[in-house]
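Reviewing the structure listed below.
Just so it is clear, none of the values below were taken in a lab; they were calculated from the coordinates. Small disclaimer: the values here were computed from a predicted structure and weren't measured. Backbone-built Cβ (ideal geometry, glycine too); neighbour counts: all protein chains shown.
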Ligand SMILES: [Fe+2]
């Protein structure tokens, strides 16, 4: 199958450069400046202000960090290009079906004057938060033989400038490390293993959740942090308990809807062929027992015990 070359808005996918791909694999995180235009940033930031401070002005269906103008971030050409390099399997994609899902979104709107310290290191050791096994999970990052696979992946869209020290912190390289980070590193924000960034509004920061990372204190008293966190995963893998608002989903373009489709590998490329095959699988066989897949039958059509 072909991977999409355009996003749901018809914009050409932006592939990673060789240097970006190398940097992400090396560090486990990547900063890309100027991904959004000033106009986009302004419109999105205004929407975030409403979400945070005047939510009654936004409809229920748009009342999330993929609502209104923020919907365009879900399959921004840069986001699609990144996931197609590190996550998509062409077997589970087509020219109009994404080979990955979006499984969580949230708005990080932080007021400097509140001085809330968000220092909570987690991840690292290659597996992130243990789910399946300590050494493999929905977060896992794997790389070998010039191929890499990145499980649960965050794209952070910074809609205000970030001064050095105020943004997310990373233990570069820890997505490939064997051991958990020691408490002495976790407790010391100034430990030389911690890296972070500064950036202009409109920058994107991508990181694997298998990387040791942490939020921190937004010390800036001059402006607030306004950042969108969108989490992606493979079509057959999910960590977070979140779904988009059904009315919002219903009105999205068909291609964008595929970001939110069911979590599985089998029969998960919604095309005409898929719908025909699914219909066949759900049609009771004439003898009432066997179907096109041997004895398997859709539960709806199984004879009662
Ligand atoms: Fe995290």
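Quick notes
- Taking other C-beta atoms within 10 angstrom as a stand-in for reagent exposure, 219, 231 fall in the order 219, 231, fewest first.
- Cα-projected label distance for residue 180 with residue 266, points at 7 Å along beta-carbon direction, nm: 3.7 nm
- Fewest-first ordering of 248, 122, 76 by other beta carbons within 10 Å of each residue's beta carbon gives 122, 248, 76.
- Neighbour counts of C-beta atoms inside 10 Å place 103, 42 in the sequence 42, 103, starting with the fewest.
- Most mobile listed residue (159, 217, 114) in the chain, GNM with C-alpha springs under 10 Å: 114
- Ellipticity at 222 nm from helices only: DSSP H runs of n ≥ 4 in the chain, each -39500 (n - 2.57), divided by the residue count, give -5500 deg cm²/dmol.
- Among 178, 150, 48: highest mean-square fluctuation, GNM of the chain, C-alpha pairs under 10 Å: 178
- Springs between Cα atoms under 10 Å define the GNM used for the chain, and in it the highest mean-square fluctuation of 151, 173, 99 occurs at 173.
- Beta bridges by DSSP in the chain, antiparallel share as percent, to the nearest 5: 100 percent
- Residue 198/residue 278 FRET efficiency (R0 41 Å; Cβ-Cβ; nearest 0.05): 0.25
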